[in-house]
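Data first, discussion second: the structure below is written as structure tokens.
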Amino acid sequence: MSGRVDKNGSQPDSGVPQRSPHSHEHEPGVHPRNPVPTVDIIITCEGGIVLIERANPPHGWALPGGFIDYGESAEDAAKREAREETGLELEGLEQFRVYSDPDRDPRMHTLTVVFTAVGRGVLRADDDAKAAAVYRLDELPEEMAFDHRRIIVDYVRWLG
């Protein structure tokens, strides 16, 4: 019975644990490389969605968002990034989808949790946003950063 393994990864007759190729156990001094967690927010406002023009590379228009800080939840990061980049407070924050294509960000492999929310307050560009504007879903700017055009297309399909 050499091919049989119990739920602990041991062969019943050998008593020797077998390492899974997907094991979370790592050799001492070896650190896993993981995608960096981020958030993006589809903020509805004034009949459209809020986009920011990025002041830093990669340039272009983008959904508001950014990196999740250590010790911060994705939801809190979304609220913070929206406030920092647009001046808006969020209402009705809901998770939309997760995007994790290794090529979605030219700087590094990121994983983004995308949220939807309604923006409240006065829209203004701040932090690393050079500009902020409301765009109709059928009139998006030509130059968009990351995979944000794809995210918005998925959102429009989801709306039906």
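The values are calculated or read from the model by the stated rules, or taken from the named source; none is laboratory data. Being a predicted model, the structure only gives us computed values, none of them experimental. Positions of Cβ are generated from backbone atoms using ideal geometry, with glycine treated the same way; all protein chains shown enter the neighbour counts. Protein only, heavy atoms only, side chains kept; ligands, DNA and RNA dropped before computing areas. Shrake-Rupley method; radii C 1.70, N 1.55, O 1.52, S 1.80 Å.
Residues in the stretch 72-109 that are within 21 Å of Asp127 (Cα to Cα) and free of Cβ contacts under 8 Å to residues at least 24 places away in the same chain: Glu72, Ser73, Asp76, Lys79, Arg80, Arg83.
Only one of the numbered conditions (1) under 12 Å from the mean Cα position of the chain (by Cα); (2) over 19 Å from Tyr135 (Cα atoms) is violated by Asp69, and that is (1).
Looking only at the stretch 122-135, which residues are open to solvent by 20 Å² or more (accessible area, probe 1.4 Å) and part of a strand (DSSP E or B)? Of everything in the stretch 122-135, those that are open to solvent by 20 Å² or more (accessible area, probe 1.4 Å) and part of a strand (DSSP E or B) turn out to be Lys130, Ala131, Ala132, Ala133, Val134, Tyr135. Inside the stretch 45-63, residues that are more than 20 Å from Arg120 (Cα to Cα) and in contact with a Gly (Cβ under 9 Å, 6 or more places away or on another chain) make up a count of 1. Of all the numbered requirements in (1) out of contact with any Pro (no Cβ under 6 Å at 6 or more places or on another chain); (2) in contact (Cβ under 8 Å) with a residue 40 or more places away in the chain, Ala145 misses one, and that requirement is (1). Where residues in the stretch 80-121 are part of a loop (DSSP other than H, G, I, E, B) and under 16 Å from Thr44 (Cβ atoms), which of them is least open to solvent (accessible area, probe 1.4 Å)? The extreme case among them is Leu88.
Of the residues contained in the stretch 37-44, one or more are found to be open to solvent by less than 20 Å² (accessible area, probe 1.4 Å), within 15 Å of Glu89 (Cα to Cα) and of a type outside the set (Val, Ile, Thr). Selection of the stretch 136-160 for residues being open to solvent by 50 Å² or more (accessible area, probe 1.4 Å) and outside any loop (DSSP other than H, G, I, E, B) yields Arg149, Arg150, Val153, Val156, Arg157, Trp158, Leu159. Filter the stretch 24-69 down to the residues that are β-branched (Val, Ile, Thr) and under 13 Å from Thr112 (Cα atoms) and list them by number. The answer is Val36, Thr38, Val39, Ile41, Ile42, Ile68. So, Val30, is that one β-branched (Val, Ile, Thr), modelled with pLDDT of 95 or more and farther than 26 Å from Glu142 by Cβ or not? No.
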